[in-house]
Structures are given as structure tokens and as C-alpha cells.
Amino acid sequence: MFRSNNLTARIFERQIRTPSPGTTIHRARRFYENIVPGSTIYDVECPDHSFRKFTEDGKYLISFSRNHQDLIVYRPTWLTFSCKQEDCYAQDLPPKAKKFESFFTQIYSVPLASASELICKDFFLYAESNQFGLFATSTAQIYDAPATGGAIQGVPSIEKITFHLLRLEDGVVLDERVFCNDYINLAHSMGVFLYDDLLAIVSLRYQHIHILQIRDSGTLVDVRAIGDFCREDDQLFLNSSSQGMSSIEKSVSQHIPVNNVANGPHLEQVPQENPFLSGIKQRLLSFIVREIRNEEEDETMRIQSLKKKFYFHFQDYVDLIIWKVQFLDRHHLLIKFGSVDGAVSRNADNHPAFFAVYNMESTEIIAFYQMSSDKLYLLFEQFCDHFHVASKNSPYMNFISSHSNNIHALEQLRSSKNKATSFSLFVKKVMASLPFNCQSQSPSPYFDQSLFRFDEKLISAADRHRQSTDHPIKFILRRPPHTLKFKIKPGPEAGITDCRTRRISSFLFHPILPLALSVQQSLFLQPAFVNIHFRK
Amino acid sequence: MNSGSLTGGRSWPSRTSLTSSGKRIQKEMAELNTDPPADCSAGPKGDNLYHWVATLFGPQGTPYDGGIYFLDITFPANYPFKPPKVVFKTRIYHCNVDSTGNVSLDILEENSWSPALTISKVLLALRSIFTNPNPYKPQVPGIAHLYLVDKSKHDSLAAEWTQRFAK
């Protein structure tokens with residue numbers, strides 16, 4: 001059916017027609033086809049900060065000072081200016097309006113870093129319900145750190161990692177959490193996942209998943225630590241019921257928490273090996289054994305397959321470490337296990353990995369998959385949105401295009417599946433993105449694949465840096481008449497004269513307004529080119 | 001690989017020429033596979049014949065019911081003339097297993113070990129400590145004492161341990 005693309009006609013249509021049930025929001029979002037950030041202010045004069053992102057409700061723009069010391073928060077405002085001539089719509093913006101300040105108002109700047117710690121500019125999580133921001137500062141990495149006090153050999157160490165919980169409204173630091181001599185993957189918030197008010201922090205070095213709760217009062221409360229133990233009071237139980245046992249047990253079990261979450265200076269512990277399997281490993285191994293036993297009906301077959309699939313690989317399973325974690329809901333975690341080498345190498349794709357679904361309330365492993373498992377892939381293909389969990393109170397996060405909610409994205413996935421030379425390699429490649437990074441996708445409607453088509457190699461909802469090309473990135477209408485609606489061009493207006501230096505672009509789209517920032521940087525320490533894309 | 005045995009730096013026997021202990025372990029493995037004891041199983045870790053893992057399922061009617069226990073079994077180079085060493089890798093509340101997982105079992109002691117015993121017999125003996133703990137020769141006197149004085153409290157504690165640490 002023909003529908004006009006004229007904005008006035010659409011508004012009129014909205015008045016007289018009732019949309020099909022349940023499509024009101026989709027209808028409303030179609031207006032974004034008419035309202036696009038098609039104008040660009042090139043190389044805008046702006047403070048030399050590294051701009052991180054807009055919060056998912058669009059209320060704040062988060063940026064850090066270049067020296068990684070301060071957090072500077074802006075409020076996006078809409079451009080207002082006056083103009084004396086007639087027909088000012090056709091005119092270019094007056095020079096006074098072509099400023100960063102006409103789009104953003106600085107709310108505050110607070111120092112987060114201390115003498116030895118710097119802000120991790122890749123790390124930021126936003127708790128929308130109470131407008132709290134979580135930031136991280138850390139000291140430098142030590143690569144050849146000795147594995148003491150139950151630490152994993154081969155994982156680097158960071159002397160001090162501090163998480164800061166801020167009230168974004170006024171920049172007041174509400175709470176802090178310090179991890180000493182630990183390693184948490186802070187790049188792209190990989191080692192931390194926020195779901196509603198629950199926070200999962202993966203300590204790679206001590207192999208713990210710390211579950212914390214962000215209270216409305218602004219405090220970080222320990223809920224439990226999964227790793228050595230599964231239930232929150234296991235440690236207490238062990239200490240109290242092993243009073244009759246020898247003193248070795250007590251010293252083994254008591255020293256563990258001291259290393260992990262220490263709010264004071266860390267005391268070097270005498271390394272003491274825990275003779276038992278950790279709680280999570282016990283659950284995992286017993287799950288695998290039970291699964292093999294239930295799989296085979298025949299007794300002799302069962303023995304053979306236990307021997308081949310379980311005992312032969314027993315040590316490999318024991319040596320697996322937790323790489324990454326995400327919440328699937330308030331009780332279930334998707335945990336990725338792999339080798340120590342894979343956890344610290346930049347390219348983890350070549351290392352074998354496993355996925356486990358763990359219920360942290362019942363302390364049960366629900367499922368266990370290999371990286372190249374067809375079964376998990378099919379689940380992922382059909383129910384991708386169950387992996388992309390968003391917090392409850394942000395409905396627009398449900399509109400982020402995925403191959404489970406968007407036919408065009410599904411087609412794209414299918415076509416790359418058909419193009420792939422080997423299915424298992426393809427599955428591996430797709431599954432490498434699991435577990436998802438927390439809050440890594442922009443909810444901007446311009447990335448809605450039912451509205452616009454664009455080159456996903458150059459730009460996408462995923463928050464990541466991209467190699468810059470000299471061509472503007474085109475956003476084309478998905479529906480007829482398939483016309484070019486707007487272009488986003490990072491870097492200087494005239495294009496790049498010096499082709500030798502590699503340039504990296506990042507794009508920050510406002511979740512609601514037709515407003516975006518593109519930041520282009522060469523690898524040298526030159527100031528970045530910041531362009532503002534907006535609707536005039 | 002084989003040069004290691006020439007220099008004497010290797011602590012495990014060469015695989016190319018199986019020693020008598022290796023042959024014996026292989027024979028016992030075949031036996032175990034054809035006639036496995038109930039509620040337990042075992043197999044070599046990787047390709048090392050001398051290092052095994054055993055799995056014991058807590059028998060019904062005991063406080064260990066529902067638990068799955070993993071044990072390390074290490075065979076000495078002069079097996080079967082010396083007993084294998086058995087260690088629990090899963091926490092267990094038991095008067096014959098100490099706080100680091102070492103298990104005291106009559107037949108596993110050097111003096112009472114007999115070369116006629118096999119891995120199947122060892123597994124059976126290990127399984128029997130679930131049903132019949134020996135509080136008169138305890139590794140942990142506290143647990144043995146509780147077992148003798150207040151069996152129901154002992155059992156509920158052991159069941160709690162099973163739920164927490166052996167699931």
C-alpha cells in the first residue's frame with residue numbers, strides 16, 4: 001500500500017487512522033525517516049576531551065579529560081539561535097551558533113583519578129532507573145605478576161582497580177569499590193555486566209564472579225561471590241562446621257576473600273593451594289558427568305563415553321577459567337569458560353571455549369555447550385533478544401535491531417551463513433560475540449534496520465571504533481522510494497589530504513534526538529576532529 | 001619424547017614400552033570396563049595411565065545421596081606392589097577423610113595393601129565408606145565423635161555438606 005513520505009501527510013494520516021494493535025511505537029518511529037541529522041558542522045570547536053557516549057535515556061553526554069583525570073558531563077540541549085534575515089531556513093547557521101556549547105551545556109567536571117590511578121576511558125555503565133553512572137579507575141597492568149594467594153598463573157595483575165558509583169545529576173560520588181592485585185577486563189566494559197540493579201564483576205585473576213547490588217540509596221552491596229563457593233554463606237558454613245577439623249582447612253578457607261575484595265592495602269599472603277575443586281568447577285564437572293550418564297542407555301557404551309569424553313578431558317575441564325559473564329535474567333548467568341591463554345590474548349577467537357548457563361540461586365548449571373555447538377547457535381539465531389537483555393525500565397532498548405526482531409538483519413545473517421565456507425567456523429565466529437558486552441549498542445532509531453539501510457562495516461549500533469574512510473556514510477530508506485536520506489561524514493569537510501596516517505572514527509548517536517557526534521582520530525596524539533550532525 | 005627416559009629426568013614411564021605396572025593397570029582398566037561396580041566409575045586423565053580420576057555417586061539412604069564426588073587416584077611406578085594414592089577433590093563431611101581430602105582406608109595402607117587388590121576393589125572399598133564410616137580409626141576425630149554420640153546430627157550436617165559442596 002502506498003504511503004506518503006511527506007511529513008505533513010503523515011501527521012494527517014496519524015490523526016485519521018488507527019494503527020494496527022501493538023504497532024503504535026513502530027508507527028511513531030517512522031517519523032524518524034523524515035527527521036534526520038542531515039546537517040553537519042565540521043571540525044567544531046570543542047573542548048579536547050574524549051567523548052564516551054550518550055546515556056541511554058539521552059540525558060547526559062559522558063566525556064573524560066585527555067589526561068584521564070576528570071569526568072566531564074554535559075547536558076544535550078537543542079540548538080536555539082535567532083536570525084535577522086528573512087528566509088533564515090535556507091541560510092547557513094550564524095557563526096555564533098556553530099559551537100559545541102550551543103548543543104551541550106557542561107553540568108560539572110569532577111576529578112575521579114587519584115595519584116596513581118587513571119580513568120579507564122572505555123569503561124562506563126549507566127543505571128537508568130536511578131541515573132547512576134559506574135566508572136572505573138585503575139593503575140597500570142603488571143604482566144608478569146607472580147600468582148599468589150590463589151591467583152591464576154599467567155593472568156596479569158592490576159595493583160588497584162576502583163569502581164566509582166556517581167549520581168549523574170550532580171556528580172556526587174556515592175560509593176566506591178576497590179579490587180586489589182586483581183585483573184578485571186575493563187575495555188569495553190567486558191568484565192562487568194549490569195542488569196537492573198545487579199552488577200556482575202569477573203575477577204579473572206582470582207576466578208570469582210562478584211555479584212553486587214546497586215541500592216537506590218547509592219550504595220554497592222555484596223550479594224555473593226561465585227567461584228570458590230556457590231552460595232553466599234558457604235564460607236561461613238564451612239568455617240563454623242569445620243571447627244572440629246584441623247587448622248589447615250580454616251586457614252585455607254579464610255584467606256580467600258581477603259585477596260579479592262579488599263578495601264584497604266593488600267597484605268601479601270603465603271600462597272596456599274586449595275586441594276579441592278572450586279564450587280563452580282564441582283557444579284560444572286558433576287553436570288557433565290550426569291549428562292553423559294543420562295545420554296547413554298547402554299552400560300558399556302556409557303563407560304566408553306565417560307572414558308573418552310570425560311576422564312580423558314578431565315584436566316582440561318579443571319583448567320578452564322571464567323572469561324566473561326552476562327546476565328540472562330536476575331537468576332541466570334551465561335558464563336564463558338576458556339583457557340588462560342585465551343583470556344588474556346587480544347584475539348580469543350582461536351582458543352576453544354565453552355558456554356555454561358548457571359542459576360545462581362539454585363547454584364545449578366542448567367546447560368553446557370561447546371563454542372561451535374549447533375544447538376546453542378540455533379537458540380541464538382531464533383532468540384537473540386534473550387541474550388541482549390536490557391533493563392526493564394527502558395522500553396526503547398527493545399527496538400535495537402537484531403536478527404530475531406528484524407527481518408533485514410536476519411537476512412543478512414542468513415546470507416553470511418550461506419556464504420561461509422564451513423558451518424562450524426561460522427558458528428564459532430558468531431558465538432565469539434557471546435556473552436555480549438553490557439550496554440554496547442546504541443538505541444538510536446537511525447540504526448533501526450527497518451527504517452534505514454547503511455554499511456555495517458562503516459557504522460552500526462555497536463559501540464566500537466572503526467577504520468575511517470574518506471567517503472560519507474549513507475543512510476538509505478529501507479522502504480520505497482529507497483532514497484538517500486542523510487550522510488554522516490567524519491573528519492574534515494574537505495576530506496583527508498594525508499592518506500598515510502590511519503584514522504579511526506567513533507560515532508555517538510543521541511538515543512532520541514536527531515543529533516550525533518562523530519569523532520575522528522589519527523593514531524598520533526593530535527586533537528580529534530569532532531563533527532556535529534544534527535537536523536537544521 | 002623418548003630421550004627423557006635416557007637422561008633420567010622423566011618421572012613417568014615411557015609409553016612406547018609398557019612397564020609391567022602399565023600392563024597391569026591396562027588390564028585392570030579393561031576389567032573395570034566390562035564389570036563396573038555400581039555408583040562409581042573411573043578412568044585415566046588424558047593419556048597418563050598412572051593418573052586417574054574416579055567419580056563416586058553418593059549412595060541412596062546415606063547423607064551423601066545426590067552428591068557426586070571426584071577423586072584423584074595416583075598409581076606408583078611399582079604398582080601393584082605399592083598401593084595407589086587416593087585423594088578427594090570434592091569436599092566431604094566424613095570422619096575418614098581429612099581436611100585436605102586424604103582418605104584413610106585400611107586396604108590403601110602400605111602394610112595392609114595386597115598386590116591381589118585391583119582398582120575395582122579400591123572403588124568398592126571407597127564406596128563402602130559412604131555407607132559404613134569407620135569412626136574408630138578416624139582422620140577427623142571431631143566428626144567421628146559426633147557420629148558415635150549424635151548420629152542424626154552428624155547425618156544432617158553431612159547432608160548439608162553434600163548439598164553445598166558435592167552437587
Per DSSP helix of 4 or more residues, -39500 (n - 2.57); summed, then divided by the residues of chain A. What does that give at 222 nm, rounded to the nearest 500? -5500 deg cm²/dmol
From the Cα centre of the stretch A:13-63 to that of the stretch B:32-66, the distance in Å is 61
Under-5 Å amide H pairs with A:Leu320, H placed in peptide plane, nonlocal only: none
Out of B:Ser99, B:Ser21, B:Ser112, a Gaussian network model of chain B with alpha-carbon springs under 10 Å gives the largest mean-square fluctuation to B:Ser112
Unit charges on C-beta of K, R, D, E only; dipole of the stretch B:18-161, Debye: 260
On each of the three principal axes of the Cα atoms of the stretch A:398-455, give max minus min coordinate, whole Å, ordered largest first. 34, 24, 19
Taking GluC sites (Glu not before Pro) as candidate sites, keep only those in a DSSP loop with at most 12 other Cβ atoms within 10 Å, then name the longest stretch of chain B containing none of them. B:1-108
Cα lying deepest toward the dipole's positive end in chain A, options A:Tyr143, A:Ala187, A:Gly491, charges on Cβ: A:Gly491
5 angstrom amide H check on A:Arg224, placed H, neighbours 5+ away: A:Ile211
In debye to the nearest 20, the charge dipole size for the stretch A:383-455, taken about the Cα centre with +1 at each Lys and Arg Cβ and -1 at each Asp and Glu Cβ, equals 260
Taking the inverse of the average 1/r across all pairs of different Cα atoms in the protein assembly as shown, what Kirkwood radius in Å do you get? 29.2
Taking the Cα centre of the protein assembly as shown as the origin and placing charges on Cβ (Lys, Arg +1; Asp, Glu -1), which of A:Gln449, A:Asn405, A:Ile365 is farthest toward the positive end of the dipole? A:Gln449
Which net charge results for the neighbourhood of B:Thr74, defined as the other residues with beta-carbon distances under 14 angstrom from its beta-carbon, given Lys and Arg at +1 and Asp and Glu at -1? +3
Residue-averaged [θ]222 nm for chain B, counting only DSSP H segments that reach four residues, each worth -39500 (n - 2.57): -10500 deg cm²/dmol
Please list the non-local residues whose amide H lies under 5 Å from the amide H of A:Asp70, H modeled 1.01 Å from N, same-chain partners needing a gap of 5 or more. A:Ser65, A:Leu112
Positive-end residue of A:Ile201, A:Ile214, A:Leu238, charge dipole of the stretch A:168-248 with Cβ unit charges: A:Leu238
When the Cα centres of the stretch B:69-97 and the stretch B:136-152 are compared, how far apart do they sit, in Å? 21
DSSP loop chymotrypsin sites (Phe, Trp or Tyr not before Pro) with at most 15 other Cβ within 10 Å excluded, longest remaining stretch of chain A: A:144-382
With DSSP loop assignment and no more than 14 other C-beta atoms within 10 Å, the chymotrypsin sites (Phe, Trp or Tyr not before Pro) in the stretch B:36-93 are B:Phe81
Given unit charges at Cβ for Lys, Arg (+) and Asp, Glu (-), the dipole magnitude of chain A about its Cα centre in debye, nearest 20, is 2280
In the stretch A:3-91, what GluC sites (Glu not before Pro) fall in a loop by DSSP, with at most 13 other Cβ atoms inside 10 Å? A:Glu45, A:Glu86
Take every Cα-Cα pair in the stretch A:19-120 and report what % of them are more than 20 Å apart. 58
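Values quoted throughout were computed directly from the atomic coordinates according to the rules given, and no laboratory measurement underlies them. Note that the structure is a prediction, hence the values are computed from the model and not measured. Neighbour counts run over all protein chains shown; Cβ positions are idealised from the backbone, glycine included.
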